Structure formats: C-alpha cells, structure tokens
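Beneath this line is the structure, given in structure tokens, with notes to follow.
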Amino acid sequence: LWDPREALKGGKMAQVQLLKSHRAVVSAIRWSPHSAFHLASCDYDGVVKIWDMRSPMPLHSLPTHAEEKALCLDWFEQGVATGGADCKVKFQAIKLR
C-alpha cells in the first residue's frame, strides 16, 4: 500500500504497508466501508483475506471458493460477499476487531 498524499506534495508516494500472504494472483481488493483500518482481498486460489492495516498479517484467511478462483468481492453489513469462477456467490460473516 502506498500513501498518495506524498505525491501531491511533489515527492514520491511512500510505501506504507507491504501485505504478503496470498499465494496466487490477487483478483480484487476492497476497503471496508465500516472501518478505516480494514480491507478484504481475494485470489485465484479461492481464498479471501481480511486485513487490518495496523498489522502485516491477515486477520482472517477464508478458503471461500475451494478449487476455483475468487474473482470479485464486496463488503456488506455483516461481512464479505464474493463471486467465483464456480458461478457461486458466497457470504462470509466477519467480526472486525
């Protein structure tokens, strides 16, 4: 993750956090509308990860679309919804700390 505010000041964007945990191509990332610190990501292994920007490790790693790619995701009031190459929409309840 980078901080674009530095580029507005005429400098280079500063890397704020390096998030490394996915083993496959990351297909989607969404910031939580309920928290300034949380985001969700999904990958071609079908795994959804929930991140807290105050930590370099994911809070949750959810194998949502087993054996298939997770292609898209979005937050809903109680968690995350994902769509996969298996033509299914999955809902995961998430409690943010």
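Points worth noting:
- Taken over segment 65-97, the criterion of being open to solvent by less than 60 Å² (accessible area, probe 1.4 Å), outside any strand (DSSP E or B) and touching a Gly at 6+ places or on another chain (Cβ under 7 Å) is satisfied by 65, 94.
- Count - residues of segment 23-81 that are among the β-branched types (Val, Ile, Thr) and farther than 12 Å from residue 92 by Cβ: 3
- Residue that is exposed (fewer than 15 other Cβ atoms within 10 Å of the Cβ) and of a type in the set (S, T, N, Q), where the choices are 55, 32: 55
The values are calculated or read from the model by the stated rules, or taken from the named source; none is laboratory data. Not measured: the values here are computed from a predicted model. Every residue, glycine among them, receives a Cβ derived from its backbone with ideal geometry; neighbour counts consider all protein chains shown. SASA here: full protein model, heavy atoms, side chains in, ligands and nucleic acids out. Shrake-Rupley method; radii C 1.70, N 1.55, O 1.52, S 1.80 Å.
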